[in-house]
Amino acid sequence: MLNFENLDKFQFSGCPPYGIPTLEAITANVSHLEWIPFNYAMTAKDRKSKGVHFYVDDYQFQRVWNDPDRYMRLLSEFGAVTTPDFSQYTDMPVAMRLYNHYRKHWLGAYWQMHGLTVIPTICWSDPASYEWCFDGEPENSIISISSVGTQKNRESKELFTKGCREAIKRLNPSEILWYGKVPEEFDWNVIRIKPYQDEVKERVKNGR
């Protein structure tokens, strides 16, 4: 077994042609969970009532890839987690985007193998990425999508909308755990993740 890039821990057979680890479909009810960003996980209390998402800057969760066993033990205390939202910017080299997709799936499959409830985070960049960005994603499952940063201009909106349509067509999700503004076209069977900072501001305002 190769002793780098976590291959010493486990090597999944993966989805051809790139060997992307395959995730199991999730149908568990997660609508009751309070969703918090990963960078709040260490200090969170009542963890089973919370879910952890990774809609934060990559540097905040790079450590999860660097030391997966340590953070798997932490994440196992929560009701559910999403797969890490490693960046898929259109101006990144394709090799880096593919590597980020692989890392997301390796961690998700590793967590599932150890009993965590893992909701797939669906990411894409441009239509060319459809050739591999859905590799390893389960059909008929709860999935998670973020629209943050995608509605700034016409081009980014169009790329996002096309990607959403493609994801729904290919994966037929049972529900969508959604972070950010939900475009009207996709506002169906959606569980909204409220930005955690907004919840904190509300609590301070209300004296809680």
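The values are calculated or read from the model by the stated rules, or taken from the named source; none is laboratory data. Keep in mind that this is a model prediction, so the values were computed, not measured. Using ideal geometry, Cβ is built from the backbone for each residue, glycine included, and neighbour counts are taken over all protein chains shown. Accessible surface areas use protein heavy atoms only, side chains included; no ligands, DNA or RNA. Shrake-Rupley method; radii C 1.70, N 1.55, O 1.52, S 1.80 Å.
General observations
- Members of the stretch 128-174 that are open to solvent by less than 50 Å² (accessible area, probe 1.4 Å) and among the charged types (D, E, K, R): Asp135, Glu137, Glu166
- Among residues of the stretch 139-169, those that are touching a residue at least 60 places away in the same chain (Cβ under 8 Å) and more than 20 Å from Tyr55 (Cα to Cα), counted: 2
- Filter result for Asn66 (free of Cβ contacts under 8 Å to residues at least 40 places away in the same chain and closer than 21 Å to Gly163 by Cβ): no
- Apart from one condition, Phe12 fits all of (1) over 15 Å from the mean Cα position of the chain (by Cα); (2) in a strand (DSSP E or B); (3) of a type in the set (A, V, I, L, M, F, W, C); the exception is (2).
- In this structure, Leu107 does not qualify as in a helix (DSSP H, G or I), surrounded by 15 or more Cβ atoms within 10 Å (Cβ to Cβ), over 12 Å from the mean Cα position of the chain (by Cα) and of a type in the set (A, V, I, L, M, F, W, C).
- Taken over the stretch 112-132, residues that are in a helix (DSSP H, G or I) and either under 17 Å from Gly163 (Cα atoms) or within 13 Å of the chain's Cα centre (by Cα) (or both) amount to 5.
- Residues that are of a type in the set (D, E, K, R) and without any contact (Cβ under 8 Å) to a residue 12 or more places away in the chain within the stretch 27-63 comprise Lys45, Asp46, Asp57, Arg63, listed in sequence order.
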